[in-house]
Ligand code: ATP
Ligand code: MG
């Protein structure tokens with residue numbers, strides 16, 4: 001059974017959408033096995049998004065992620081990584097399918113409400129960045 005790291009981003013926590021987003025995960029068969037609300041420092045956001053450090057939107061992205069609290073969570077289920085990305089929808093909400101989180105809630109390509117790991121290796125790294133083994137049951 002697979003696990004993936006999900007983040008409910010500041011645009012969504014600010015608008016009190018955590019419950020509605022979690023309902024989408026649960027309806028898709030993803031189980032929320034760990035969850036906490038944290039306020040990332042800019043340095044922590046930069047470390048998390050290090051792979052994007054040369055992209056033009058890196059500054060905007062990391063400042064946004066460190067602007068207000070986020071909810072970090074671990075989702076578990078069969079094919080959790082792909083299933084979560086399906087439920088999230090396309091990065092740009094203008095391209096997201098009906099019924100997806102980003103179609104319903106995202107404000108823009110930057111303020112797009114959720115993050116989800118993109119592969120087994122990144123999922124393992126990202127889960128370990130936020131959660132200890134003791135927190136994962
Ligand atoms: P995520 O990694 O957040 O789950 P993703 O894999 O769909 O989303 P990436 O290409 O990994 O998208 O980009 C990471 C994040 O950077 C996006 O979720 C978005 O918030 C931001 N981003 C991507 N492209 C742009 C852009 N052109 N302008 C502003 N922000 C962007
Ligand atoms: Mg990504």
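The values are calculated or read from the model by the stated rules, or taken from the named source; none is laboratory data. Treat the numbers as computed from the prediction; the structure is a model and nothing was measured. As a convention, Cβ positions derive from the backbone with ideal geometry for all residues, glycine included, and neighbour counts pool all protein chains shown.
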### Subset tally (residues that are over 21 Å from residue 13 (Cβ atoms), more than 15 Å from ligand 2 (Cβ to nearest atom) and either under 12 Å from the mean Cα position of the chain (by Cα) or in a loop (DSSP other than H, G, I, E, B) (or both)) for segment 78-115
5
### Query
When segment 116-133 is examined, which residues are found to be outside any loop (DSSP other than H, G, I, E, B) and modelled with pLDDT of 95 or more?
116, 120, 121, 122, 123, 124, 125, 126, 127, 128, 129, 130
### Task
Identify, by number, the condition in (1) within 20 Å of residue 118 (Cα to Cα); (2) touching a residue at least 24 places away in the same chain (Cβ under 8 Å); (3) in contact with a strand residue (DSSP E or B) (Cβ under 8 Å, 6 or more places away or on another chain) that residue 87 doesn't meet.
(3)
### Query
Which residue out of 111, 60, 126 is buried (at least 16 other Cβ atoms within 10 Å of the Cβ), touching a residue at least 12 places away in the same chain (Cβ under 8 Å), within 13 Å of ligand 1 (Cβ to nearest atom) and farther than 19 Å from residue 18 by Cα?
126
### Task
Out of the residues in segment 1-43 that are within 16 Å of ligand 2 (Cβ to nearest atom) and part of a strand (DSSP E or B), state the one that is nearest to residue 112 (Cα to Cα).
8
